[in-house]
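Novice: This is the structure I want to talk about, given as structure tokens.
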Ligand code: AP5
């Protein structure tokens, strides 16, 4: 059985941070629809370019487009032992599509972790977030002495386009309206867990590892 993890949570909850760390430690691919779309924009891919205006306004991209991205990505060989999804699904329609894909793979249940953080802290984090202008990664929150350059490639750290305060407020509204109902969709599953994301990253990491391993043992996945 594979280890199939969804990191859920509002913008700024730490999904990307924790997904990348967890996936690295477990040898799994991270699949971030936001990162794939941003990369696509940089590379001039038509689907991503068509999505750009919505992303810039803080709105969601069309379900069929993100489902197609995820379906293609999950079919690649490196996702066979499992995966960590970051930012997908975000609507009930996407969650239903993912259930169908996972059922076809027949490779273990979905483990769903909801990272909970108060809104005031989300706004604070997104206002302060810096990403690398070259490789697009977050300035590493696990490093306490960040020198103002990307820890991976040395690139300049800049603000992400949709971290503008007005757009952040719209993203949080969209999350409340469209993505929070997903908690109800998953809540009754034996592999659904909630984590307190308003702690230091190392403590969130520890709590996440514990609940994912626990859910995997309930769901029959290989942790
Ligand atoms: P996406 O890229 O997925 O952005 P998001 O969900 O808004 O999430 P963020 O990346 O802002 O936050 P995060 O939870 O990953 O937090 P992070 O780890 O970075 O989506 C962008 C856009 O793409 C969407 O608005 C939409 O238009 C489109 N899109 C993407 N997927 C889609 C889908 N499925 N359907 C439709 N449209 C889609 O952390 C944030 C900051 O906090 C960082 O600076 C970090 O260093 C810091 N931090 C992390 N953890 C902690 C901690 N414990 N304590 C203090 N600081 C911390």
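Novice: Taking the condition part of a strand (DSSP E or B) and either more than 11 Å from the ligand (Cβ to nearest atom) or at pLDDT 95 or above (or both), does residue 101 pass?
Specialist: When the stated conditions are applied, residue 101 does not pass them.
Novice: Sticking with this one: Scan the range 186-203 residue by residue and report those that are within 7 Å of the ligand (Cβ to nearest atom) and either within 18 Å of residue 5 (Cβ to Cβ) or in a strand (DSSP E or B) (or both).
Specialist: 197, 201
Novice: Go through the range 185-223 residue by residue and tally those that are touching a helix residue (DSSP H, G or I) at 6+ places or on another chain (Cβ under 9 Å) and free of Cβ contacts under 8 Å to residues at least 24 places away in the same chain.
Specialist: Selection size over the range 185-223: 1.
Novice: Can residue 2 be described as more than 13 Å from the ligand (Cβ to nearest atom) and touching a strand residue (DSSP E or B) at 6+ places or on another chain (Cβ under 9 Å)?
Specialist: Judged against the criteria, residue 2 is a match.
Residues checked against (1) farther than 23 Å from residue 170 by Cα; (2) assigned to a strand (DSSP E or B); (3) at pLDDT 95 or above; (4) away from the ligand (no atom under 12 Å from the Cβ):
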position	(1), (2), (3), (4)
52	no, no, yes, no
61	no, no, yes, no
71	yes, no, yes, yes
78	yes, no, yes, yes
88	no, no, yes, no
95	no, no, yes, no
127	no, no, no, no
142	yes, no, no, no
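Novice: So residue 34 passes all but one of these: (1) near the ligand (Cβ under 8 Å from one of its atoms); (2) surrounded by 21 or more Cβ atoms within 10 Å (Cβ to Cβ); (3) touching a residue at least 40 places away in the same chain (Cβ under 8 Å); (4) in a helix (DSSP H, G or I). Which condition number does it fail?
Specialist: (2)
Novice: Then there's this: Can you tell me which of 56, 65 is in a helix (DSSP H, G or I) and either exposed (fewer than 14 other Cβ atoms within 10 Å of the Cβ) or more than 10 Å from the ligand (Cβ to nearest atom) (or both)?
Specialist: Exactly one of 56, 65 is in a helix (DSSP H, G or I) and either exposed (fewer than 14 other Cβ atoms within 10 Å of the Cβ) or more than 10 Å from the ligand (Cβ to nearest atom) (or both), namely 56.
Novice: For residues that are near the ligand (Cβ under 6 Å from one of its atoms) and either part of a helix (DSSP H, G or I) or over 19 Å from residue 119 (Cβ atoms) (or both), tally how many sit in the range 10-31.
Specialist: Number satisfying all stated conditions: 3.
Novice: Residues of the range 104-125 being assigned to a helix (DSSP H, G or I), in contact (Cβ under 8 Å) with a residue 12 or more places away in the chain and either surrounded by fewer than 21 Cβ atoms within 10 Å (Cβ to Cβ) or touching a strand residue (DSSP E or B) at 6+ places or on another chain (Cβ under 8 Å) (or both), which ones?
Specialist: 105, 119, 121, 123, 125
The values are calculated or read from the model by the stated rules, or taken from the named source; none is laboratory data. Predicted, not measured: the structure shown is a model, and the values here were computed from it. Here the Cβ is made from the backbone with ideal geometry for all residues, glycine too, and neighbour counts use every protein chain on show.
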